[in-house]
Amino acid sequence: METLLGSSTSRAETGSLPERGRGDTVLDEVRDLCRDDHAYTDGTVFNSICSAPLEIARRVYAEHLDANLGDNRIYPSLRRAEAQLSAMLGELLGHPGAVGVTTSGGTEANLLAVLAAVRRHRSRSGGRGGPARIVLPESAHFSFDKIVGLLPVEPVYAPLDERLRVRPAELARLVTADTALVVATAGTSEAGAVDDVPAVAEHTAALGVPLHVDAATGGFLIPFARELGHELPPFAFDVPGVTSVTLDPHKYGGVPIPSGHLLLRDGADAELLRTASHYRGTVDHHGLLGTRPGAAVLAAWAALRALGRDGYRDLVGGVFARRDLLLGLLRAAGFEVAVQPQLTVVTVRHSEPERLVDALERRGFIASVARRYGLLRLVVHWHQTEEQLRALVAAMADADAR
Ligand code: PLP
């Protein structure tokens, strides 16, 4: 099995660390190294929630490669940029006063949300409470599989409905007054399912249990889709009881990787995440990383200001229009759409999804299989054109006929 850690071919191909430096010829070597990669724009990428960054974000990122968010003495303006970025994202999520922590992505943001819950649980129980009970949907992103392996938590999973959303009443039965955290998802990566956050929050708020919403994928889609009239539930701080939200500018925000964000309703919760710096004049940290890419914060700041609400609304409107086109094309070609999508992930029921995805890959197209559901999965993004979507469905039909 090929793993990134264990690929035995890489050393043979590149040789070892050269005794004599190769200088600029290494640029050709790098091109060669990356020869098998796809470009978002080449019409072959249908599995990715990330996309080509916006031009303005790319430019700002490239101009600030040195910027280190971990060093506020060399880069004092980055803290201002980070605070303003958090305020803009908080505003997008219905709470401009939210306190934010920029992260490397959704995994780190979710980890911080659970870490805060674990620390709150510990301090409430005087350290004698045992593992913190966390109630999650069965659809929770696999970042939570990593998190439950790292932190002292007892995960409990709530079942899903036929559209792959958590069942709020069944989740409520699992939530006790000493539950440390409940998680809901606003846009699962496998199917784009948006949990009924208001229904979940009704139960958690009644018991005073914190509710974290993982909107890593949906955070930049749902607010604008709602403004465009798509029927989606509120999911963020406009829902009383939601205490924290993850959203990732490097997914549908058009910002280069790595760019994630955790937002907290109550600034006091940030205290739970604080680690004091050992250096005079260096600010305390609230995330996991020490040295952090300031370029990503500036790029996110620039993307939000350059596009504004109307720019994102246009982009999101375009992606939803492509999704509807894809749904029509798939149905016309005889494919069964498994779940009527709420966001931009389209799932297809097929007797042999793995075989179909492999056949597509041989034709140059990257689709994926959502293994937990046994469904073929296609992600619609702004890098795809109508023509490319037509080419994909034609390739699917051709691959399926053989
Ligand atoms: N949560 C959700 C819902 C996601 O869709 C993803 C990634 O696709 C993540 C968390 C993890 O984000 P990242 O890969 O940026 O760490």
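The values are calculated or read from the model by the stated rules, or taken from the named source; none is laboratory data. Fair warning: this is a prediction, and the values are worked out from it, not measured in the lab. When we count neighbours, we look across all protein chains shown, and the Cβ atoms used for this are built from the backbone with ideal geometry, even at glycine.
Listed values, structure above:
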| item | result |
| --- | --- |
| The lone exception for GLN384 - which of (1) under 30 Å from MET88 (Cβ atoms); (2) surrounded by fewer than 18 Cβ atoms within 10 Å (Cβ to Cβ) it fails | (2) |
| Any hit, region 183-195, residues being surrounded by fewer than 24 Cβ atoms within 10 Å (Cβ to Cβ) and either more than 13 Å from the ligand (Cβ to nearest atom) or more than 18 Å from THR344 (Cβ to Cβ) (or both) | no |
| Checking ALA201 against (1) aliphatic (A, V, I, L, M); (2) within 16 Å of the ligand (Cβ to nearest atom); (3) in contact (Cβ under 8 Å) with a residue 40 or more places away in the chain; (4) touching a Pro at 6+ places or on another chain (Cβ under 8 Å), the condition it does not meet | (2) |
| VAL255 in contact (Cβ under 8 Å) with a residue 40 or more places away in the chain, touching a helix residue (DSSP H, G or I) at 6+ places or on another chain (Cβ under 8 Å), β-branched (Val, Ile, Thr) and farther than 23 Å from ARG292 by Cα | no |
| Which listed residue, of VAL60, VAL114, is closer than 22 Å to HIS212 by Cβ, among the β-branched types (Val, Ile, Thr) and touching a residue at least 24 places away in the same chain (Cβ under 8 Å) | VAL114 |
| Residue count, region 87-138 (criterion: under 21 Å from ALA172 (Cα atoms), outside any helix (DSSP H, G or I) and within 16 Å of the ligand (Cβ to nearest atom)) | 4 |
| For LEU330: the one exception among (1) assigned to a helix (DSSP H, G or I); (2) free of Cβ contacts under 8 Å to residues at least 60 places away in the same chain | (2) |
| Given (1) surrounded by fewer than 20 Cβ atoms within 10 Å (Cβ to Cβ); (2) away from the ligand (no atom under 16 Å from the Cβ), index of the condition TYR312 fails | (1) |
| Sole residue being surrounded by 16 or more Cβ atoms within 10 Å (Cβ to Cβ), more than 14 Å from the chain's Cα centre (by Cα), within 16 Å of the ligand (Cβ to nearest atom) and on the phi < 0 side of the Ramachandran plot, chosen from LEU221, LEU232, LEU247 | LEU232 |
| Pair list, Cβ < 6 Å and 6+ apart or interchain, from region 160-187 residues that are on the phi > 0 side of the Ramachandran plot to residues that are within 15 Å of the ligand (Cβ to nearest atom) | LEU164/SER139; LEU164/ALA191; LEU164/ALA193; GLY187/VAL194; GLY187/THR217; GLY187/GLY218; GLY187/LEU343 |
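Each row is one residue, and each column tells you yes or no for (1) at pLDDT 95 or above; (2) closer than 18 Å to HIS261 by Cα.
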| site | (1), (2) |
| --- | --- |
| SER86 | yes, yes |
| GLY100 | yes, yes |
| GLU108 | yes, yes |
| GLY126 | no, no |
| ARG133 | yes, no |
